[in-house]
1. Can you find a residue that is surrounded by 15 or more Cβ atoms within 10 Å (Cβ to Cβ), free of Cβ contacts under 8 Å to residues at least 24 places away in the same chain and more than 26 Å from residue 98 (Cβ to Cβ) anywhere in the range 226-244?
2. Run down 81, 31, 47 and say which single residue is in contact (Cβ under 8 Å) with a residue 40 or more places away in the chain, more than 20 Å from residue 240 (Cβ to Cβ), touching a helix residue (DSSP H, G or I) at 6+ places or on another chain (Cβ under 8 Å) and surrounded by 20 or more Cβ atoms within 10 Å (Cβ to Cβ).
3. Could you please find all residues in the range 1-44 being more than 20 Å from residue 69 (Cα to Cα) and at pLDDT below 95?
4. Taking the range 257-270 as the region of interest, how many residues are touching a helix residue (DSSP H, G or I) at 6+ places or on another chain (Cβ under 6 Å) and touching a residue at least 60 places away in the same chain (Cβ under 8 Å)?
5. Please verify whether residue 66 is part of a strand (DSSP E or B), under 20 Å from the mean Cα position of the chain (by Cα) and buried (at least 18 other Cβ atoms within 10 Å of the Cβ), treating the condition exactly as stated.
6. Go through (1) surrounded by 14 or more Cβ atoms within 10 Å (Cβ to Cβ); (2) closer than 27 Å to residue 14 by Cα; (3) out of contact with any helix residue (DSSP H, G or I) (no Cβ under 7 Å at 6 or more places or on another chain) for residue 219 and report which single condition fails.
7. Residue 47 fails exactly one of the following numbered conditions: (1) more than 20 Å from residue 7 (Cα to Cα); (2) part of a helix (DSSP H, G or I); (3) at pLDDT 95 or above. What is the number of that condition?
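The values are calculated or read from the model by the stated rules, or taken from the named source; none is laboratory data. The model shown is predicted, which means the values in this text are computed figures rather than measured ones. All Cβ positions, even for glycine, are placed from backbone atoms using ideal geometry, and neighbour counts span all protein chains on display.
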């Protein structure tokens, strides 16, 4: 734990039978060896998971669940906080509150990326519904003291909240210390005319930060200057978490190992 000066996690998918999945176990051992602190997990059905068992399983590798990533669950269940159909919107809010309760079991947070809405849901009415859903979910986040984090996702993958400014606009009226935005370097590389300026402008609005290269592979596989990006976080005296979220080029173990060869010197304690 704490090999680096930032808490370091990676986002991945939790298999249904994670205790019996040899490949997943090997991946967790790799994370332990490389000095990761936690994982952000996509989980098909969080209600089917025993939080205590998962916590113990991750603990065996020196890891914690830092964030429940709701994207896979949202897509599987056709959830949308921006839905104009009131029944669907209310069900999505209800599930978002369930996600927060699940995350609270781990002292983690819940990220709303694709949960924000489906492609095509980009009208003014959809935005109004999304803001209403976030406000309703925010009350539960406050009650549980559990972060609810709205991710800025690029326009080609998400209909609303593409830039950091737009994500902030979605949550600003909540006025809640447990509601945040989530920057991701892959999405920022598409949406921000000046990534550094956007980071500075929204420094007080994020507690997590995703690292992904410009080709959506792990840091070190593309052209983004992560020395500069991490340097901006350092200059901002950022104290939050970092997480890798990316596609794999060869394999989990090979890609993560290669990426950490690049990142480790940038994240080393000083």
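1. no
2. None of the other options fit; the residue is 81.
3. Scanning the range 1-44 gives 1, 2, 3.
4. Qualifying residue count, the range 257-270: 1.
5. Against the criterion (part of a strand (DSSP E or B), under 20 Å from the mean Cα position of the chain (by Cα) and buried (at least 18 other Cβ atoms within 10 Å of the Cβ)), residue 66 qualifies.
6. (3)
7. (3)
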